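Note sheet for the following structure.
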Amino acid sequence: MRLSTARQVFDREGPFATVYLEARSSGEDAGDQIRLRWRGLRERLEEAGAAAGAVEALEQRLQPGTAGEEQANGRVLVAVDGEVVLDEHWDAAQGSGDQAHWATLPELGAFIREAARSVRELVVISDQHGAQVRQEVVSERGEPAEHDVERVEGGAVEGVHKPRGGALSHRHIQRRAEEAAGQNAKDVARRVREVADRFDPRVVVLAGEVQGRTALRAELPDELADRLVETGRGGASADGSEEALTEELLRIAGEESDRSAREQHDRWAGGLAHDRAVQGHEEVAKAAEMGAVETLLFEPDTPVAREAVLLEVAARTDAEVALTTASTGLADGVGAVLRFPVSTTTPS
């Protein structure tokens, strides 16, 4: 992932108050629970010497009456004196705990790692008339976060249902029905391409009834067909279809995340042979200060010393952040693929 969202935070002058609210089951008392949780976080910030303006800004942002939704989804907020500069959903699974930090730099490591682990999935649930098109960000550790959803209807005037029988009139109606379904698929494919250009999904998930999927698959452009994963689970009307589709989206996200981690490991290992990769905190930090880091690599669950500093430098130099496999064995849990070879040793 690129750090464009984080860069606007790092560009501000600190110190920063960073708060994580973990995802929890939402109930009737969710509003009271969020207030109690915030009270505990506020006490931690005040004990750490946080500026009153930053604390008040966070409290004001947490006042609106959407606490139930926020408790269910999880949330990360960052404030400087008098202003909230980041307010995003955080999809980490329940059990990570609420957190509060007051520091020179924002503590965005957990948020960025979760974003790097997540997969953008463009979900198309098709039928012969059109499709439902969803933009979802999915992590195998949490529920899919739906960013947008729309119903796209094809423009065919003729019906898509075919009569049975072999009469000549029936064959004409069947042909018109096939043409109508094909026209609808073309219209949906055009809209899917427009949405994909903006959303830039890593995976396009094609679900829904077989006839609709078949017609739409034939109309998708090559750049989307290359990212296509088709599933027969989930649909518009089957009992339990939404639950089945959610399970499938989580499975696809997990497989894609694992594939990406292996790919990053191979890039890093190949880079070592050509002086285009480094590992260890000191070597990565030196390369980052020189603007040489193309991709900053973390092992999935390994804490990294001075992680906030590495992320700040990566954000300022337009580097990406990615996760590699747990078995990579990076020194200090951190490595980097470089834009150009550098000498990270200090001359004697």
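Brief remarks on what is shown
- Taking label points 7 Å from Cα along the Cα-to-Cβ direction, ARG227 and MET290 give a separation of 3.4 nm.
- Taking θ as phi - 60° and the Karplus parameters 6.51, -1.76 and 1.60, the scalar couplings of segment 303-320 work out to x, 10, 4, 6, 4, 4, 5, 4, 5, 4, 5, 4, 5, 6, 9, 6, 7, 9 Hz in sequence order, x denoting glycine and proline.
- Computed over neighbours whose Cβ is under 11 Å from that of GLU230, the net charge equals +2, Lys and Arg +1, Asp and Glu -1.
- Nitroxide proxy distance, nm - points 7 Å out along Cα→Cβ at ALA269 and THR214: 4.2 nm
- Ranking of TRP102, TRP90 by solvent-accessible surface, largest first: TRP102, TRP90 (1.4 Å probe, protein heavy atoms only, all chains present).
- Label-to-label distance for ARG61 and VAL309 is 2.6 nm, based on points extended 7 Å past Cα in the beta-carbon direction.
- Linear extension gain, THR5 paired with ARG190, 0.36 nm per residue minus alpha-carbon span: 63.7 nm
- Rg/Rg_ref, segment 251-321, where Rg_ref = 2.2 N^0.38 Å and atoms are Cα: 1.15
- Built amide H within the under 5 Å cut-off of GLY130, gap 5+: GLY154
- The solvent-accessible area of ASP32, taken with every protein chain present and a 1.4 Å probe, is close to 80 Å².
- Within the accessible surface of segment 292-348, defined with a 1.4 Å probe on protein heavy atoms only, the carbon and sulfur portion equals 53 percent.
- Residues whose amide H lies under 5 Å from that of THR325, counting only those 5 or more places away or on a different chain, are HIS265; hydrogens are built 1.01 Å from N in the peptide plane.
The values are calculated or read from the model by the stated rules, or taken from the named source; none is laboratory data. Keep in mind the model is a prediction, meaning the values are calculated, not measured. Don't worry about glycine lacking a Cβ; one is built from the backbone with ideal geometry, like all the others, and counts go over all protein chains shown. For accessibility, only protein heavy atoms count, side chains too; no ligands or nucleic acids. Shrake-Rupley method; radii C 1.70, N 1.55, O 1.52, S 1.80 Å.
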